1. Residue B:125 fails exactly one of the following numbered conditions: (1) more than 16 Å from residue B:14 (Cα to Cα); (2) modelled with pLDDT of 85 or more. What is the number of that condition?
2. Filter the stretch B:56-66 for residues that are in a helix (DSSP H, G or I) and touching a helix residue (DSSP H, G or I) at 6+ places or on another chain (Cβ under 6 Å) and give the result.
3. Could you identify the single residue in B:219, B:245, B:256 that is part of a helix (DSSP H, G or I), under 20 Å from residue B:11 (Cβ atoms) and modelled with pLDDT of 90 or more?
4. Just the residues that are without any contact (Cβ under 8 Å) to a residue 60 or more places away in the chain, more than 7 Å from every other protein chain (Cβ to nearest Cβ) and either within 16 Å of residue A:153 (Cβ to Cβ) or assigned to a loop (DSSP other than H, G, I, E, B) (or both), please, taken from the stretch A:86-105.
5. With respect to residue B:69, is the statement that it is facing chain C (nearest Cβ under 7 Å) and either outside any helix (DSSP H, G or I) or within 28 Å of residue B:54 (Cα to Cα) (or both) true?
6. Return the only residue of B:242, B:227, B:232, B:215 being under 30 Å from residue A:51 (Cα atoms), more than 14 Å from chain A (Cβ to nearest Cβ) and buried (at least 19 other Cβ atoms within 10 Å of the Cβ).
7. On the given criteria, is residue B:98 within 13 Å of chain C (Cβ to nearest Cβ), touching a helix residue (DSSP H, G or I) at 6+ places or on another chain (Cβ under 6 Å) and over 20 Å from residue B:229 (Cβ atoms)?
8. Check C:309, C:264 and return the single one that is touching a helix residue (DSSP H, G or I) at 6+ places or on another chain (Cβ under 7 Å), in a helix (DSSP H, G or I), surrounded by fewer than 24 Cβ atoms within 10 Å (Cβ to Cβ) and at the interface with chain B (Cβ under 8 Å from one of its Cβ atoms).
């Protein structure tokens, strides 16, 4: 059974059709990559799934339950988490406090939230900076923080929006290891938008390709990289 | 009864033309640089007092004060931009709100200090009396003011849409970076926008001074009404501001006809509240 | 420090200022009625704590949650009028009236606030101005509420239960101080609780907060309720203290602005900011009023305007920001 089902999702902004009847599934435990040239509609789709945009057409199901058009906080409470492309950490709160905001979803106790937040901070490897203000972290560290914070809501599935942008080679390597760890150890399903091909192909079990709002290909990384439509979409962008 | 309604409609349209002018100034600033000028109503107030001072000290007819008020408030607008607004262009929205708010208070109470809260008016001038038009009495000052407002709005419209500098203003409001790359200096455009915006309010004030009471807090109602008009007509949209001004003037006037006149502003404010509540829920700013 | 990070100043960063203020506070309260037997200093201190209370109330919504209201006078006036009208028309104890006024203001804030929370920044500020004006116009024109002439509270026997002490200002001082402390403790507890975390997260990055399960309409409503009800408490107190209220004195836009100015001046993200601001602004306002002669020549407001501009542009963190030191 699929964990996340996207059915004919359509989103328009004025005359522009950002998502045009996009459909695909994500199965439990998978890492699915969502790729496509700039402007293909990937972030728009994420925002539709996560409740920030209301789709103009189509439906979205999570764990068999329809979540189309629900408020973002409701979707988060249903254990579908997301990170943001431009990191939206809470700058004047510490690393611990940032993560605690996520951890509070399960508890009202400050001590309890603090403990759970601490565990996730350790998991992503930020323990050394736990008392630092979030604004004092490097970009990579802020991304780990965003991840730890979102993991603290105990999601069954994560939507990751371009986590790797702006990272150095070694930071990217750590990021990929972490993402794998999250799926392998915690069993969290992941739908990830990425531009860095070298990274996303080896990482994903399956790949979905968008171009100009439409889904143009779906399959294993192997299959997709050989697909002539996909090649055209990317080469055409050059 | 019928003539009474017609009376209300005509007054509303006349007042509405003035609201349009005030709103055009406000929406220009808003559209070009995304700054909300809470002191806009008080620019209008300064225009009124300019007329008043020229009239009482030099005996100059308010009609002739119009260009003076316009020029003075143009300068006030530019100075405001250069000395204050420029420093807060990239500040958090809260800071921007408070800054123009502070200006509002400052201007209002400087005038209050010198002129006291007294309601003043400009008495017998060149324009006085009523005219009967379609069975309805309209004051000549009101009519001239409305016409003056209409003309000024037209001039501003013409400047924006049919001159080179107007094109530069439009370009800057749509895409500042691109405009810069084309050689347009945003700083000059901003100064100019504040100048035109101020002048519009000042001229409106001078036009009003012929028949409206002049007092320090007059900027409050006009300022808030201008916001309603801009909200209605679309931020940065001059056409919209013009039409919305007329509609708001009508609503106020008809509201004052249906209900006790003290409540007429309530109609406008309620419209404002419902407009803001019913705007489409634009969540998120990922882009 | 990035100007973007205007709110959520960490309270522990300002320990030196906080200690100084706490000590000054205790001194003020305990010793003022003893040292200063004349009514004027006592009146001054009462006003200081009243505005510090109002500032605290506003800060729950403005500083903690990031929603700037320029219409808080509507809650102040609601409190003042509710307790006064209940007493005048039904003989209800002013204490009960105070409680009722607080709840009523809280309720109104929820009704008006909920559809307004989706408005960002400027637009929220504007709609609060509109709300404030609506209240002002209504109370000015509805005769059942006293209309433009206002309401007088009758002179009764001095007693606590009647919430009236005649010429003795000390009881008023202790009462308003109590409410100020209550509001401070409330903010302190809120801030450290889950609610406070959530409010600060909404303030910083609302979208991110929602992605973590934070229902921003719900939590903003909580902040709103506390903010409005404490403001109303101040209003009821004011009515009992001055025994005369009318629309311009309790519903005016300038009153809303005074509250906001006190918080900005004092330090918007800080728990002692409102008190610091009141300590500076109230004496300033009172003295300019006296020395520049007559009621309301508006000089204090000219200063207000200048101060707002100067502080907004140059020192958005207020006095606390100027004198406090970051420990980090």
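The values are calculated or read from the model by the stated rules, or taken from the named source; none is laboratory data. Keep in mind it's a predicted model, so treat the numbers as computed, not measured. Using ideal geometry, Cβ is built from the backbone for each residue, glycine included, and neighbour counts are taken over all protein chains shown.
1. (2)
2. Applying the first criterion (in a helix (DSSP H, G or I)) to the stretch B:56-66 yields B:56-58, B:62-66.
Listed by number, the residues that qualify are B:62, B:65, B:66.
3. Working: B:219 fails: under 20 Å from residue B:11 (Cβ atoms); B:256 fails: modelled with pLDDT of 90 or more.
Unique residue meeting the criteria: B:245.
4. Going residue by residue through the stretch A:86-105, those that are without any contact (Cβ under 8 Å) to a residue 60 or more places away in the chain are A:86-88, A:90-105.
Then drop every residue that is not more than 7 Å from every other protein chain (Cβ to nearest Cβ), which leaves A:86-87, A:94-96, A:98-99, A:103.
Across the stretch A:86-105, the qualifying residues are A:86, A:87, A:96, A:98, A:99, A:103.
5. Working: facing chain C (nearest Cβ under 7 Å): no; either outside any helix (DSSP H, G or I) or within 28 Å of residue B:54 (Cα to Cα) (or both): yes.
In short, no.
6. Working: B:242 fails: under 30 Å from residue A:51 (Cα atoms); B:227 fails: under 30 Å from residue A:51 (Cα atoms); B:215 fails: under 30 Å from residue A:51 (Cα atoms).
After ruling out the rest, the residue left standing is B:232.
7. Values: within 13 Å of chain C (Cβ to nearest Cβ): yes; touching a helix residue (DSSP H, G or I) at 6+ places or on another chain (Cβ under 6 Å): yes; over 20 Å from residue B:229 (Cβ atoms): yes.
Yes; evaluated as a whole, the condition is true for this residue.
8. Details: C:264 fails: surrounded by fewer than 24 Cβ atoms within 10 Å (Cβ to Cβ).
Going through C:309, C:264 in turn, the sole match is C:309.
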